[in-house]
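Asks: So that we are looking at the same thing, I have put the structure below in structure tokens.
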Amino acid sequence: MGNCFSNDAGAMSAVGGTAASHANPYDAPNDAVDLFLRSRGYNGLFSQIEISLAAVDLRDRDVLSKSDPMVVIYTKGRDGGLSELGRTEVVLNSLNPKWITKQNITYHFEVVQTLVFRVYDIDTQFHNSEVKMLKLEEQQFLGEATCVLSEIISKSDRLLTLNLEYREELGRPNPHRDCGKLIVHAEESFSSKTAIEMSLRCSDLEYKDLFSKSDPFLVISKVAESGITIPICKTEVIKNDLKPLWKPVYLNIQQVGSKDSPLIMECFNFNNNGKHDLIGKVQKSLADLEKLHDSRQGEHLFLPTAVGHDFHNKVLKSQLFVDKFTETVQHTFLDYLAGGCELNFMVAVDFTASNGNPRLPDSLHYIDPTGRPNAYQRAIIDVVEVLQFYDSDKRFPAWGFGARPIDGPVSHCFNLNGSSHHCEVEGIQGIMMAYASALQNVSLAGPTLFGPVITNAAFNASQSLANGGRKYFVLLIITDGVVTDLQETKDALVKASDLPLSILIVGVGGADFKEMEILDADKGERLESSTGRVASRDIVQFVPFRDVQSGEISVVQALLAELPAQFLTYMRSRDVKPIL
């Protein structure tokens, strides 16, 4: 899984970003490049999944022979609407069919991808028709099954057996409820694992800065069928250099399309304001770049230049060279899941007084009697509904901070369930019940301190690591204000950056969260502790919460797209291999 990365620390590693390197003082500008890429359409990682289907004990709807089954596969949107993905072939005269036709699905970690399978018995008169031309209302319904794609790929054997059920809304009276079972198997495409390693350099770049040489970095984009360019990879920024040699990059074959698909290689001069100057570009396929490597020749960059109302490509003296080109197979995020790795979810909720009186409707903690979730509840639901499939026991540590429990001092890390012995709750409902109960049993206070909560989460991660656990921890902090203990929080985050831990911070309410972006290295410099130690990698993602329209992915779930890359950066930089 993944697309591209550039860093020795994450060698053969994280894709879509770069792991930190203590030796490279220019990693911070590289993080700013991440933000630049996202502004141009770069998104999270994905893998191509091939779905195979079989069934056992289907109902026999034919009089003189057995059923002739076919499966129709749908995706269900957030609005409940169904969109047909594809159909299998018809298997004649079988109650235990194994369909040959596979269905390819793009797996997105951050999205709950609900699949619906409907099985039909195809009438004899339609056996010579193309399956895509069959009218389903003319066929006999045999049963329906539903699952989430994450349920399949999070299993070690990627195999899920579902009960086929009759659905009244399909309008087919059926007194028989036992409709057999559907067996769903998922396999990751090999092209998701195939990557090209390239070492790239340029010569004779032009000066773009007034008092120094340029600060160049490369952005590699693919060209979509519509003609637009989609960024898929970047190098690090090299300061003050007109002959840059960048660290190796790893390009995922699948995301590129093929070795013959056109790529745009753009060389930019880094600027702190995010408005990076284009130095020049090259358009080549991977096959072309391999030929450049073999010939040891360079390719001149060109710069689109306006001439009147037209543009022409000005060929520059600058050249791009490919010093290394090798094809490799790398372990993916899904390989680690198949090898028994889990994601363990933790949550911490802000109970400071700035949230307002929970009994009043204008409070951020107000529990609406109509059942409409507040921003805290929405953020929890958005994250847990994605991550729950990767946590086998679904028991989640849940804390609160910034409140005064009954007859006690202000606590900056208390168990949300009120227990003095354990912090875990069961599932989304357990979190919601503990949250609602805490609102009745604590007094909102302050200030807003993150340090104690992060330290607790880091302790859980370090204990698991010491015990040989193959777990990666995700802490969600939901807050309405700017953190008060900024340096203590930085110290805790730098220390935690060596652990299997990622932290998502969601800001709710109307506060100015600009200072919070300091904690997110995507929008600033790498975190540094009070002792001068720099974080070994970026483990924090921050986003202000906002409502979304029906059918849209939430900003919180979009934030989750970063997690597989952070997971891979940690595992690969420490040479942790999946058990396959």
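Asks: Restricting to segment 206-231, count the residues that are over 24 Å from the mean Cα position of the chain (by Cα), closer than 22 Å to Phe321 by Cα and open to solvent by less than 50 Å² (accessible area, probe 1.4 Å).
Replies: 4
Asks: As an exercise: evaluate Thr106 against (1) at pLDDT 95 or above; (2) touching a Phe, Trp or Tyr at 6+ places or on another chain (Cβ under 9 Å); (3) of a type in the set (S, T, N, Q) and give the number of the one condition it does not meet.
Replies: If we test Thr106 against (1) at pLDDT 95 or above; (2) touching a Phe, Trp or Tyr at 6+ places or on another chain (Cβ under 9 Å); (3) of a type in the set (S, T, N, Q), just (1) comes out false.
Asks: With Ser443, Ser437 as the choices, which residue is out of contact with any strand residue (DSSP E or B) (no Cβ under 9 Å at 6 or more places or on another chain), farther than 29 Å from Ser573 by Cβ and free of Cβ contacts under 8 Å to residues at least 60 places away in the same chain?
Replies: Details: Ser443 fails: out of contact with any strand residue (DSSP E or B) (no Cβ under 9 Å at 6 or more places or on another chain).
Just one listed residue meets the conditions, Ser437.
Asks: Which numbered condition trips up Leu475, out of (1) modelled with pLDDT of 85 or more; (2) touching a Pro at 6+ places or on another chain (Cβ under 9 Å); (3) assigned to a loop (DSSP other than H, G, I, E, B)?
Replies: Of (1) modelled with pLDDT of 85 or more; (2) touching a Pro at 6+ places or on another chain (Cβ under 9 Å); (3) assigned to a loop (DSSP other than H, G, I, E, B), only one is false for Leu475: (3).
Asks: Show the residue pairs meeting these rules: Cβ distance below 8 Å; 6+ apart or different chains; first residue within segment 476-489 and closer than 11 Å to Gly451 by Cα and assigned by the TED database to the domain that holds Gly532; second residue among the β-branched types (Val, Ile, Thr) and in a helix (DSSP H, G or I).
Replies: Val483/Thr489; Leu486/Ile518; Thr489/Ile454
Asks: Given the structure, is Val442 out of contact with any helix residue (DSSP H, G or I) (no Cβ under 8 Å at 6 or more places or on another chain) and either more than 20 Å from Glu342 (Cβ to Cβ) or surrounded by 19 or more Cβ atoms within 10 Å (Cβ to Cβ) (or both)?
Replies: Details: out of contact with any helix residue (DSSP H, G or I) (no Cβ under 8 Å at 6 or more places or on another chain): yes; either more than 20 Å from Glu342 (Cβ to Cβ) or surrounded by 19 or more Cβ atoms within 10 Å (Cβ to Cβ) (or both): yes.
It is true that Val442 is out of contact with any helix residue (DSSP H, G or I) (no Cβ under 8 Å at 6 or more places or on another chain) and either more than 20 Å from Glu342 (Cβ to Cβ) or surrounded by 19 or more Cβ atoms within 10 Å (Cβ to Cβ) (or both).
So that you can scan it fast, the table gives a plain yes or no per residue for (1) in contact (Cβ under 8 Å) with a residue 60 or more places away in the chain; (2) closer than 24 Å to Asp382 by Cα; (3) in contact with a strand residue (DSSP E or B) (Cβ under 6 Å, 6 or more places away or on another chain):
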site: Leu416; (1), (2), (3): yes, yes, yes
site: Ser419; (1), (2), (3): no, no, no
site: His422; (1), (2), (3): no, no, no
site: Gly427; (1), (2), (3): no, yes, no
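Asks: Looking at segment 281-301, can you tell me whether even one residue there is polar (S, T, N, Q), exposed (fewer than 12 other Cβ atoms within 10 Å of the Cβ), assigned to a strand (DSSP E or B) and without any contact (Cβ under 8 Å) to a residue 12 or more places away in the chain? Give the steps one after another, and end with the answer.
Replies: From segment 281-301, those polar (S, T, N, Q) are 283, 285, 295, 297; that's our starting set.
After this cut, where a residue has to be exposed (fewer than 12 other Cβ atoms within 10 Å of the Cβ) as well, the list is 295, 297.
If we keep only those that are assigned to a strand (DSSP E or B) too, we end up with none.
No, segment 281-301 contains no residue that is polar (S, T, N, Q), exposed (fewer than 12 other Cβ atoms within 10 Å of the Cβ), assigned to a strand (DSSP E or B) and without any contact (Cβ under 8 Å) to a residue 12 or more places away in the chain.
Asks: Would you confirm whether or not segment 376-389 contains a residue that is surrounded by fewer than 16 Cβ atoms within 10 Å (Cβ to Cβ), touching a residue at least 60 places away in the same chain (Cβ under 8 Å) and within 21 Å of Met432 (Cα to Cα)?
Replies: So in segment 376-389, the residues surrounded by fewer than 16 Cβ atoms within 10 Å (Cβ to Cβ) come out as 385.
From what's left, touching a residue at least 60 places away in the same chain (Cβ under 8 Å): 385.
Narrowing the set further to residues that are within 21 Å of Met432 (Cα to Cα) leaves 385.
For segment 376-389, residues surrounded by fewer than 16 Cβ atoms within 10 Å (Cβ to Cβ), touching a residue at least 60 places away in the same chain (Cβ under 8 Å) and within 21 Å of Met432 (Cα to Cα): present.
Asks: Can you go through Val90, Val119 and tell me which one is open to solvent by 30 Å² or more (accessible area, probe 1.4 Å), of a type in the set (A, V, I, L, M) and assigned by the TED database to the domain that holds Cys179?
Replies: Val90
The values are calculated or read from the model by the stated rules, or taken from the named source; none is laboratory data. From a predicted model like this one, the values you see are computed outputs, not experimental measurements. Because the Cβ atoms are built from the backbone with ideal geometry, glycine has one as well, and the counts that use them run over all protein chains shown. The accessibility values were calculated without ligands, DNA or RNA, using every heavy atom of the protein model including side chains. Shrake-Rupley method; radii C 1.70, N 1.55, O 1.52, S 1.80 Å.
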